[in-house]
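Here is the structure we will look at.
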Amino acid sequence: MVISQLLASGGLWLNLSGTEILVDPGPGCIVQASKKKLKADKLGAIILSHRHLDHSADVNIMVEAMTQGGLKQHGKLFAPVDALEAEPVIFSFLKDHLEGVEVLEEGKSYSIGDISFTTPVRHIHPVETYGMVFRTARHTFSHITDTRYFEGLSSYYGGELLIINLVFLEPRTQADHPGMPIDHLSVPDAAHIITELKPRVAILTHFGMSVWRAKPWQIAEKLSQQTGVKVIAARDGMKFDLAELDEV
Ligand SMILES: [Zn+2]
């Protein structure tokens, strides 16, 4: 999906009571952000859930943009240690433009202005990967990023809104897909998680080709019927206002 750019891969741009946070700036983030008139110099932080290219490819240019080419030392970068050490995803000269770099670890809490987030559990994925639970003065919401399903996954996440990275239509086993990546959630996994967590709204995103071919909006409709939760399939450039959660 990323190579074809059938769908954009720029990540999630949060604006939480004025604190702007970019999550997982994949390839094209700078292009998508400028098209949408999102201002990188307003960002307070960039968070990488993990080092895979579809989540981190534009991190350097986004740090450059956040710090106005280094003119304004500003903003933080959050990432797992394996994105920062042996083969860092960020150039060292850009790190100096930041206010700080913080290492994501299992069970830790972090703050960006008035916003806090936690990375409750290490995911099952080929590199060190975390999802996030964000807390604002009014809302709590979770983002379950790339992971293979595991027992108890839902118990780490919660809140009124759940954002799930949904890559596969059907669960995959290594035996059936030798050499292929399998550590991602499938539609039955998403159904299970949404049923357990019962958020007010669930947003599906990060679709793999099998999900795309099955039409994500139809999958969302079926999941809504199956779970009784309002499930939305993300679209490129989609905006979601957290205030909508108070009306559901
Ligand atoms: Zn990944």
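The values are calculated or read from the model by the stated rules, or taken from the named source; none is laboratory data. All values reported here derive from a predicted model rather than from experimental measurement. Cβ sites come from the backbone with ideal geometry, for glycine too, and all protein chains shown count toward neighbours.
Of Ser34, Ser4, Ser49, which residue is closer than 20 Å to Met132 by Cβ and among the polar types (S, T, N, Q)?
When all the criteria are applied, what remains is Ser49.
Please find, among Leu161, Leu153, the residue that is in contact with a helix residue (DSSP H, G or I) (Cβ under 7 Å, 6 or more places away or on another chain), in contact (Cβ under 8 Å) with a residue 24 or more places away in the chain, within 16 Å of the ligand (Cβ to nearest atom) and under 23 Å from Ala234 (Cα atoms).
Checking each option against the conditions leaves just Leu153.
Please go through region 127-160 and give me each residue that is closer than 16 Å to Asp183 by Cβ and either part of a loop (DSSP other than H, G, I, E, B) or touching a Cys at 6+ places or on another chain (Cβ under 6 Å) (or both), ordered by number.
Once the filter is applied, which keeps residues that are closer than 16 Å to Asp183 by Cβ and either part of a loop (DSSP other than H, G, I, E, B) or touching a Cys at 6+ places or on another chain (Cβ under 6 Å) (or both), region 127-160 yields Val127, Glu128, Thr129, Gly131, Thr145, Asp146, Thr147, Arg148, Tyr149, Phe150, Glu151.
Which of the numbered conditions does Asp189 fail, given that it passes all the others? Conditions: (1) more than 16 Å from the ligand (Cβ to nearest atom); (2) among the acidic types (Asp, Glu); (3) in a helix (DSSP H, G or I); (4) in contact (Cβ under 8 Å) with a residue 40 or more places away in the chain.
The one condition Asp189 does not meet is (1).
Can you report the number of residues in region 199-244 which are β-branched (Val, Ile, Thr) and outside any strand (DSSP E or B)?
Of the residues in region 199-244, 4 are β-branched (Val, Ile, Thr) and outside any strand (DSSP E or B).
Can you tell me which of Glu99, Glu87 is within 16 Å of the ligand (Cβ to nearest atom) and farther than 19 Å from His206 by Cα?
Glu87
Would you confirm, using the coordinates I've provided, whether Ala79 is closer than 24 Å to Ile164 by Cα, within 16 Å of the ligand (Cβ to nearest atom) and either touching a residue at least 40 places away in the same chain (Cβ under 8 Å) or surrounded by 14 or more Cβ atoms within 10 Å (Cβ to Cβ) (or both)?
Here the answer is yes, as Ala79 does meet what is asked.
Condition first: over 19 Å from the mean Cα position of the chain (by Cα), within 24 Å of Pro126 (Cβ to Cβ) and either among the aromatic types (Phe, Trp, Tyr) or at pLDDT 95 or above (or both). Can you find one or more residues in region 216-234 that meet it?
no
With respect to the numbered conditions (1) touching a residue at least 60 places away in the same chain (Cβ under 8 Å); (2) within 18 Å of the chain's Cα centre (by Cα), which one is the sole condition not fulfilled by Val103?
(1)
Quickly run through region 53-67 and pick out the residues that are more than 13 Å from the ligand (Cβ to nearest atom) and touching a His at 6+ places or on another chain (Cβ under 8 Å).
Residues satisfying the conditions are Val63, Glu64, Met66, Thr67.
What is the residue count in region 134-145 for residues that are closer than 17 Å to Leu185 by Cβ and more than 16 Å from the ligand (Cβ to nearest atom)?
The total comes to 1.
Which residues, taken from region 104-126, are surrounded by 16 or more Cβ atoms within 10 Å (Cβ to Cβ) and either away from the ligand (no atom under 16 Å from the Cβ) or not in a strand (DSSP E or B) (or both)?
Hits for region 104-126 are Tyr110, Ile112, Ile115, Phe117, Thr118, Pro120, Val121, His123, His125.
Name the residues in region 26-52 that are of a type in the set (A, V, I, L, M, F, W, C), within 15 Å of Met238 (Cα to Cα) and more than 16 Å from the ligand (Cβ to nearest atom), would you?
Ala33, Leu38
Which of the residues belonging to region 36-53 are among the charged types (D, E, K, R), farther than 21 Å from Val121 by Cα and in contact (Cβ under 8 Å) with a residue 24 or more places away in the chain?
If the condition is that a residue be among the charged types (D, E, K, R), farther than 21 Å from Val121 by Cα and in contact (Cβ under 8 Å) with a residue 24 or more places away in the chain, then Lys36, Asp41 are the ones that fit.
Being in contact (Cβ under 8 Å) with a residue 60 or more places away in the chain and assigned to a loop (DSSP other than H, G, I, E, B) is the filter here, so list the residues in region 1-17 that pass it.
Those that are in contact (Cβ under 8 Å) with a residue 60 or more places away in the chain and assigned to a loop (DSSP other than H, G, I, E, B): Met1, Leu6, Leu7, Ala8, Ser17.
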